[in-house]
């Protein structure tokens, strides 16, 4: 959806339609609510709603990353699930949006990713 220029709201609405709050206890909750109540679920079904909310409550890729690391568990799963969506919508941290990669990677590694 992100690659087809759907809005953040359209993406989040789709998640809510597929993972309705009346069925999934973490669906539709705010980040503040999730930080208080979220418990990791080995099936990852709860992670989808929480990861989607981390994406939804931001306007930047770095903001998305900050939100997923507010959780003491499952942040790697959140990043895997929604990192690519956030990158597509917000542009990620690549060279076109700043110097973060250039700061951490040497010239040889930069050539590989470009």
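The values are calculated or read from the model by the stated rules, or taken from the named source; none is laboratory data. Only a predicted model underlies this, so the values are computations on that prediction, with no experimental measurement involved. With ideal geometry, Cβ positions are generated from the backbone for all residues, glycine too; neighbour counts draw on all protein chains shown.
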Which numbered condition residue 71 misses (of (1) in a loop (DSSP other than H, G, I, E, B); (2) crowded, with 19+ Cβ neighbours inside 10 Å; (3) modelled with pLDDT of 90 or more): (3)
Qualifying residue in the range 5-20 (condition: part of a loop (DSSP other than H, G, I, E, B), surrounded by 18 or more Cβ atoms within 10 Å (Cβ to Cβ), within 15 Å of the chain's Cα centre (by Cα) and at pLDDT 90 or above): no
Hits in the range 39-59 (condition: assigned to a loop (DSSP other than H, G, I, E, B), in contact with a helix residue (DSSP H, G or I) (Cβ under 7 Å, 6 or more places away or on another chain) and at pLDDT below 90): 41, 44
